[in-house]
1. Please return the longest range in the chain lying between exposed loop sites, taking GluC sites (Glu not before Pro), DSSP loop only, at most 16 other beta-carbon atoms within 10 Å, and leaving the sites out.
2. Give me the percent of Cα-Cα pairs in the range 269-319 that sit more than 14 Å apart, rounded to a whole number.
3. Using a 1.4 Å probe on the protein chains only, how many percent of the accessible area of the chain belongs to carbon and sulfur?
4. Which whole-percent values make up P(r) of the range 1-88 when all C-alpha to C-alpha distances are grouped in 5 Å steps starting at zero?
5. Determine the dipole magnitude for the range 10-210: charges of +1 sit on the beta-carbon of Lys and Arg, -1 on that of Asp and Glu, nothing else is charged, the reference point is the Cα centre, and the result goes in debye to the nearest 20.
6. Looking only at ASP90, ASP298, ASP313, which one moves most when the chain is put into a Gaussian network model with springs between Cα atoms under 10 Å?
7. What share of all Cα pairs of the range 63-145, in percent, falls into each consecutive 5 Å distance bin?
8. Report the Cα-based extents of the range 224-342 along its three principal axes, largest first, to the nearest Å.
Amino acid sequence: MTAPSRLLLSTDALVANWRTLARMSGDGNGGAACGAAVKADGYGLGAREVVARLRATGCRDFFVATWAEARALAAPGVSVSVLHGVREGDMAHVGLAGVRPVLNTPAQVARWREAGGGACDVMVDTGMNRLGIAPADIAAGLLDGLVIETLMSHLACADEESAMNPRQRDAFAALRGATAARRMSLANSAGIALGTDYAFDLTRPGLALYGGVPAPGLPMRPVATIEAEVLQRRRVPAGATVGYNATWTAPADTWVGIVNLGYADGYWRGFSDRGRAFAGDAALPVIGRVSMDLVALDLGNADVGEGDRVRFDADLPRAAAASGMSQYELLTGLGARFERVWA
Ligand SMILES: *Cc1c(COP(=O)(O)O)cnc(C)c1O
């Protein structure tokens, strides 16, 4: 059985992106170490495969959202931080070698202490008002005596020019020495692009590892390319329509390819009339509505027939602009039906 749609994944591009981000973090240069956010199954690409490749490249610090994600990745020599910390229902799962919670609330801190403590990370809120304990609680001694590996905070506006950025950086820097933390970590992908004064001791890129471009001009390489098969090649006469709600009308007799891909695969409806695929160098525009499992392409003069495979545009900023989705959503929405093929 051959999968009708595949996700072609590039080890070279993933590794090159991590090295670029590590260099920008100052890794190997007396600067920060570079970790990797691999939550949401490695942003849809496959966390196990991503971790194996990044470990081989020298990455040691990995970040997931939940304990189920951590359990799937725990292995000797791997450090995994669970960003959502410890809910009551998580306590049965703690104790995995190399896995630490990122404590986010006073209740989580208390729960962790009651369970005997042990190495943990702590999230402090420096202005995003999402997760994290207040700097005032640190000053009041909330963390005293805890064995903290990494104190972290998260930037709200790293992907734009905002006064929030230096404000959060300075609030975080003011906490140096205020806890027993061995390391401090602030920057996600976009935060790395803000400069080394945002890198502290450890950076946590996700998006940019996978080919997302969080700030203009960053040299990230696409890692994932959708390849799908043409199920039918058909001649659509001038004036006839294609697909649900008949939104596209052929301006002239047109060769159309119906391809095995749809919004159930994470190829969203926003690509209707706006996405594009390629056959070699020939660009093939998406025409009409994207269906759940199918999409129609204008084949033009391309020599593409039933059973041939086409590749969809892998440039994430361009695909995000076309579809109206964020680069994050395009990656994490990649569906379960793809055969994920690493080269
Ligand atoms: C997801 C996440 C990251 C990675 O963010 P990117 O924007 O994908 O680089 C880093 N830190 C925290 C706390 C996160 O939740």
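1. Result for the longest clean stretch: 1-159.
2. Values: 635 of 1275 pairs.
Beyond 14 Å sits 50 percent of the P(r) for the range 269-319.
3. On the way: 7520 of 14980 Å².
The nonpolar share, carbon plus sulfur, comes to 50 percent.
4. 3, 13, 23, 21, 18, 12, 6, 3, 1, 0, 0
5. Numbers: 19 positive and 20 negative charges, 80 e Å.
My answer is approximately 380 debye.
6. Comparing ASP90, ASP298, ASP313 in the GNM, the peak value goes to ASP90.
7. Going out from 0 Å in 5 Å bins, the range 63-145 shows 3, 16, 27, 24, 17, 10, 3, 0 percent.
8. Here the spans come out as 38, 27, 23 Å, largest first.
The values are calculated or read from the model by the stated rules, or taken from the named source; none is laboratory data. Fair warning: this is a prediction, and the values are worked out from it, not measured in the lab. Using ideal geometry, Cβ is built from the backbone for each residue, glycine included, and neighbour counts are taken over all protein chains shown. Surface areas here come from the heavy atoms of the whole protein model, side chains and all, with no ligands, DNA or RNA. Shrake-Rupley method; radii C 1.70, N 1.55, O 1.52, S 1.80 Å.
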